[in-house]
Every structure is written in structure tokens, then in C-alpha cells.
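Notes for the one structure printed next.
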There are 2 protein chains.
Amino acid sequence: MTTATLSVSRRTRRTPLSFFNEEQSVTAYTVYNHMLLPTVFRSVEEDYWHLKEHVQIWDVGCERQVEIAGPDAARLVQSMTPRDLRRAAIGQCLYAPLVDEHGGMVNDPVAIKLDHQRYWLSIADSDVLLWAKGLAYGVGLDVTLREPDVWPLAVQGPKSEDLLARVLGEGVRAIRFFRTDWLRFRDHSLLVARSGWSKQGGFEIYLDDGAVAAELVGALWEAGQPLNVRAGCPNLIERIEGGLLSYGNDMTLLNNPFECGLDRYCDLDGDLEFMGRDALAAIKARGVSRKIVGLKIAADSLPACVEPWPVSREGRPIGEVTSAAVSPQLGCGVALAMLGHGHWQDKHAVVVETPAGPRQASVCPVPFLKAEN
Amino acid sequence: MTTATLSVSRRTRRTPLSFFNEEQSVTAYTVYNHMLLPTVFRSVEEDYWHLKEHVQIWDVGCERQVEIAGPDAARLVQSMTPRDLRRAAIGQCLYAPLVDEHGGMVNDPVAIKLDHQRYWLSIADSDVLLWAKGLAYGVGLDVTLREPDVWPLAVQGPKSEDLLARVLGEGVRAIRFFRTDWLRFRDHSLLVARSGWSKQGGFEIYLDDGAVAAELVGALWEAGQPLNVRAGCPNLIERIEGGLLSYGNDMTLLNNPFECGLDRYCDLDGDLEFMGRDALAAIKARGVSRKIVGLKIAADSLPACVEPWPVSREGRPIGEVTSAAVSPQLGCGVALAMLGHGHWQDKHAVVVETPAGPRQASVCPVPFLKAEN
């Protein structure tokens, strides 16, 4: 385990809100899509309780947008995902696993249909722009691909709707889950979605102007004072409790969507065409040999899970933990683990080899906690 | 500027040598190809002097290999780069800018021809695997693409040949620059290249076994004691002095090789076929409007360059600094800057807007210092 600082350069890009994180004394960052992403302000646990009770402003500018525009835009986007996007409405957000021709997970973005010939993929941590560009060039599609200057800002927590209503007007309350609307902020028009990488409710604002970012965060900060607003960020404990998978942590290119429990996003029954179709159909037919499950670990403290922890049963290796934290609300460790066939049933007893020693654990359903909002 | 720590998770992958960095008290990391890369041990300046006088062991496991194998391997690799690889020898390393169909820089790897149907691209910080996979699938090429379990370990500095001769035998002295050989280390056969991301001389060892990494670093450490060996890493000052460009810092997808001074790697005269050929030919015909130059900055200290610094002349913006440091040897600031046409001549006077205030600077040739070895 390291307490090394992070060297920042142009390559680990700052966002228009990095100044705000620093004003609010961010204590840890990670690098995500070649961009800074805060991970801790006060402490992971203190940030966790605050997120569940109040409202936080998150700089998630690192959720880069891959813009796919042009006559073949819909064809390219659909070719990359097993989720049927053909009936998507304009303004709709759809969680859409991207797979390669072997069914391996390339990324798990939220796709936003901005227009019939214009989509954004709001991506996890891999260079989807290069993937899409390679495919488009190779196949010879008529599309324009780029990473626009858009930096999402998330407002998350049970008071997020009240906060946004004060700043963007009551119209925000009418936005349904995973839908978007254009709302006014002073002289600007902002694309706002009811979405975000927590289960505490909230919104994501797709800022397309760095100068507006500072203005907006100032307004949110001022209006949020009576609501106990704070700077925050995706929270390790809360996201594990809520069963939110992290690409690169809980799944990689070497996993397929069925192993990740993403069956409901794989539309194999109809005539949908996408590049991994044959591979996914074969995997579905034979069944997967490993799958992500939840584990409750008998522990009141755990080291950081910086590389997978082996999981065994009766001395035999059966898989690995990919993310872990201690849940203050449940009073035990909570983890996401990729376990082999035969070890998926609720309450199945296993042993997790943590760097602090072996710990007893039992399989349990994900999410660990139901969404509050 | 931030002194935040780096949150490490499975996604920011550790290497088989991360333990060694930590034993040697690494003080700062960056994330590179989704993997940890040390940036500082004692201080950037102390590490710099040591690198120029002695020998260092570098964990550059983050230089990920993209393996391209199969009947169409040579065709795919050549289609991605303007450098003519057709007469490359087996075992040869070639610096090979990768460009898209617009001539934009996708990466600048060292390509290693392992066999007629097997190449490694030892990549800078972008997901070349996804780019190559997209192209191969789109075009329908018969290749297998993967990121093998290979973690380069570099030995750099004027005493590196002596150190490696003690551990791997005298055969290492016969390896020419950018050539490779297979050398014995106990029971293992290691691929060794005379290469590395410094101008102080040295080698890179392509470790393909995590267990050997610990054994090898132990042997290097022991044999290196009389040579004053230390743990090290790519050094910001030394690489700017030596004119080594950093992808993501000094150039991005929005730059072409001519802007980056990589003209000599663009073989446009013959009949070479690659995807960016038409674009590069057009750029070459009309000439570039901006180019990377060196700047000497009148300063004995500089803040970290965490985002581009504006460069002006007579009050008019003419470009930006992308990397900067103070050179202890030259006694001034040294920087790489992308400047507009008309501002490239030696000794041209400009002003750099640093976060610490404006500084006088003058254009100068790159590298700032000639290689010592």
C-alpha cells in the first residue's frame, strides 16, 4: 500500500472544476480517462454519511463524452453494444455495455441519444474514442468522432433535487430517471440528466463551457448552504453497497456481460445486429463459468483492495475479490467478487485472503442496500 | 496545484515491481496506461543528478505491450504508422508514431519485430489495443491482438551496461542501440533491448514473468551496490533536456507528426501504404502552422506545469508551453512549447505566462543537452 502523492501534468488533465476540489481540500485523486477524479475529501466514511444524508457537488469531468455524429451514427453505436437502442427516444440515457467480437467488455458507458444522427457515450475508463474510430475507419462508416469539450458535473444525494430546483428552477423535478432536459442557467442552456454514479438520487449536468462551470458551482454552493452542501465524489463504500460496477476494477476486457450480471442489457432474442452477437449467443448457450457476486466479509476494518484478493472454499481457489470496503451501515465488509460456478448461492461460505489475513465471508445478493431514492 | 495522494485500486494496476518502489520509498506516482508509474523517489533534482552519474532501476511496467500476431500482423502494424517498417530486422526496435486517417497522433510506441508474424508495440499512454482491435475487426484482418503479461524493467544511467554485464553476462555489451537479444538469467531467458526513456544510456528488459521480476531486481540491487544503484524513474528534467516528447503532454490526437518534429519518421516519398498517408502528404505540402520548439526560460524556479502555459510575443498569443522544469545543469528553465509559424527561429524572444507570473524566454534547439552516452 502506498501513500505516494500524485504527480500531475497536462497528460493527467485538469477539469474546469479542479480549482473547486482544491478549494474544498480534496485529499486524494485518481486518474480516470487521463483526467483527474477526486476520490476523498474528508474521509471515505465521512464523505459516505454526508452523501447519504445531504447533497454533494461532484467533479466528474473525467466521464468523457465520445461524440458519434453523422449518417451512420446510429449504426456504429448499435454495432458496439448488445443493448437494443433502436427505439431510444431523443434525450434518453441508456446504460449500454460495449463489447468486442468475442463479447469482451470494452467499456460500460451511458449512451445519450441527442438527435437521430448524434450520440454521446459517457464513458468509463478506457479509450472508447480510439475503439470507435478504428471500427468506423475499418468498416468505412460515414461518421464524425470526437471528444467534445464537455465536463459532467454531478449533484448527488437526497437533497439534490431541492438544490437544483433553487438554481435551475422547478423544471428539474419533472426530469424522469435517465432522461434529460435543457434547463436555463442565467444566459446558458444546460443539458441536465437525472442520473449519476450513486444510489442516493441526483443529476448530471453536461457542462460544455469551462467558464460556466465556475459560475454554476458558485451558484450551487451559495444556494446549497442551507442544505449542508459539500464537495464530494463517487464514494467507494456507497457504490459497493449499491452494486455499481467499476470498469477496470470489477470487470475488464477479459470479462463478458453475463459474467458481470448484465444479462438484461443483452438483447439476443430478436434480430438485433451488433459485432459481439455470435460470441454472446454462444456464451449464453453454454452458460458462464464465473460471475460477479456480493460478499459480506466478517471484518470491522479492511485494507484497501489495490489488487484482487484470492477467494477460496475448503482450501481450493474459487475466485477473487475485486472491490472491497467496510460498510458502516451494515457493520461488516462488503465486496464484489468474481467467483466460479457452484459458488453463487446466497449465504455460501467462503474465505477471503486479505493482505491483513484470511477473513470469513458469505455470498449475498447485490445491491447490498436498496436505493433510498 | 495539488499535493493530494493517489487512490490506488485494481484499475490503477500495480506491477510486479511496485513492491520494490515502495521498499525504496517512492514519493510520487502517476497513472500511465491504467498502471502505476513512479515519478519521484528522493526529489526530481536529486534523482536527476543520480541518473546522470550512476545507474537506476526503473519500473516501467506501464509501457504496456500490444501484441499483434498472425498472417496480417505486418500489414496491420504498417497501416498504423508512416514509418517504413518493411525492411525491419527481427529483433529490431523502431520508434513508430501511430496516426489516424487525419494524420493525428494516436500514440508513439517503440515497435519491436519479434518474428515475421509477431510484433509488440511498446506504447505510450493511450489504449492502442482498442485502436488496433477496432481497425483489425473493421477491415477484417487475420490477426490476434492482446496485451500480454509483460512488464518492462529499465536500467538507465552511464553505469547501466556495467551493471547488466554483472548480472546477465558480457553479451549485453554487444547489443546495439535499438536492437534486442535474448540473455540468460538463471533459469530464464530474457528479451533485452538497448533502449529506454532517457539520454543517459541503458537497457529495457521485457519481463514476461512476475516471479522473475523480484528475483531479477534483487540480483540487480545486490550487484549494483558498488555502482551506487538506486531505484529511479523517467525524470522530468532529464527528459526535457534530452528532448524526449511525452504523448499526452507535448502532443495529442489533435497534433500531427510534423508539428511534433517527427518528419524523419514519415516516409512519404516511396509507395508506402498506411492509413494517414493522404492526410500527411497534404499537411507536408502546405506546411504546418505550429511546431514544437525548445524554450529557455529566465527562471531559477518554476511551478509544476499541470496545464499548458500561454506563450506570447509583443502581447499576442503565439502558442503554449506543454512541459517545463528547471535545469540544474543549464541554470535556467527548459520547456517544450508548441508555437505558431514565424516563431521557430533560434533565440527568438517570447514571454511565458507561468502561474508564478510572466517570464522571459527564448527559442532554442532541442535537445537542450547532447546525449552523454
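Bear in mind that the values in this text are calculations on the coordinates, not laboratory data. Being a predicted model, the structure only gives us computed values, none of them experimental. All Cβ positions, glycine included, derive from the backbone under ideal geometry; neighbour counts span all protein chains shown.
With K and R counted +1 and D and E -1, the other residues having a Cβ less than 10 Å from that of A:Ala174 yield a net charge of +2.
A compact globular protein would have a Cα radius of gyration near 2.2 N^0.38 Å; the ratio found for segment B:18-75 is 1.53.
Only beta bridges with both residues in chain A are counted; by DSSP, about 90 percent of them are antiparallel.
Applied to segment B:239-254, the Karplus parametrisation 6.51 cos²θ - 1.76 cosθ + 1.60 on θ = phi - 60° returns per-residue 3J(HN,Hα) values of 6, 6, 3, x, x, 7, 7, 10, 5, x, 9, 8, 7, 9, 4, 7 Hz, with x for Gly and Pro.
In the assembly of identical copies, B:Gly342 has its label point, taken 7 Å from Cα in the direction of the beta carbon, separated from the corresponding points by 7.6 nm (ascending, one decimal).
Note: relative contact order over chain A, using C-alpha pairs below 8 Å and six or more positions apart, is 17 percent. Using Cα pairs closer than 8 Å and at least 6 residues apart in sequence, work out the relative contact order for segment B:126-201, in percent. Computed over segment B:126-201, the figure is 23 percent. Plainly put, chain A has a radius of gyration that is 0.96 times its Kirkwood radius, both from alpha-carbon atoms, as the Rg/Rh ratio. Across segment A:4-21, coupling constants 3J(HN,Hα) worked out from phi with the 6.51/-1.76/1.60 Karplus curve, θ = phi - 60°, read 4, 7, 9, 7, 10, 9, 4, 4, 8, 3, 7, 10, x, 10, 4, 4, 5, 4 Hz, and Gly and Pro carry x. Distances between equivalent label points of B:Gly315 across the copies, with each point positioned 7 Å along Cα→Cβ, amount to 8.3 nm, shortest listed first. Charge tally for A:Val334 (other residues, Cβ to Cβ under 11 Å; Lys, Arg +1; Asp, Glu -1): 0. When DSSP beta bridges are restricted to pairs lying wholly in segment B:122-228, around 95% turn out antiparallel. Across chain B, the longest run free of exposed loop sites, meaning trypsin sites (Lys or Arg not before Pro) lying outside DSSP classes H, G, I, E and B with no more than 12 other Cβ atoms within 10 Å, spans B:187-346. Taking GluC sites (Glu not before Pro) across segment B:292-373, the ones in a DSSP loop with at most 13 further Cβ atoms lying within 10 angstrom of their Cβ are B:Glu314, B:Glu372.
Starting from the label point of A:Gly140 at 7 Å along Cα→Cβ, the same points in the other copies fall at 1.0 nm, in ascending order.
Using a ≥ b ≥ c from the Cα gyration tensor of the protein assembly as shown (square roots of the eigenvalues), is it rounded, prolate or oblate, where a/c under 1.5 gives rounded and otherwise the larger of a/b and b/c decides, a/b for prolate? Here the protein assembly as shown falls in the rounded category.
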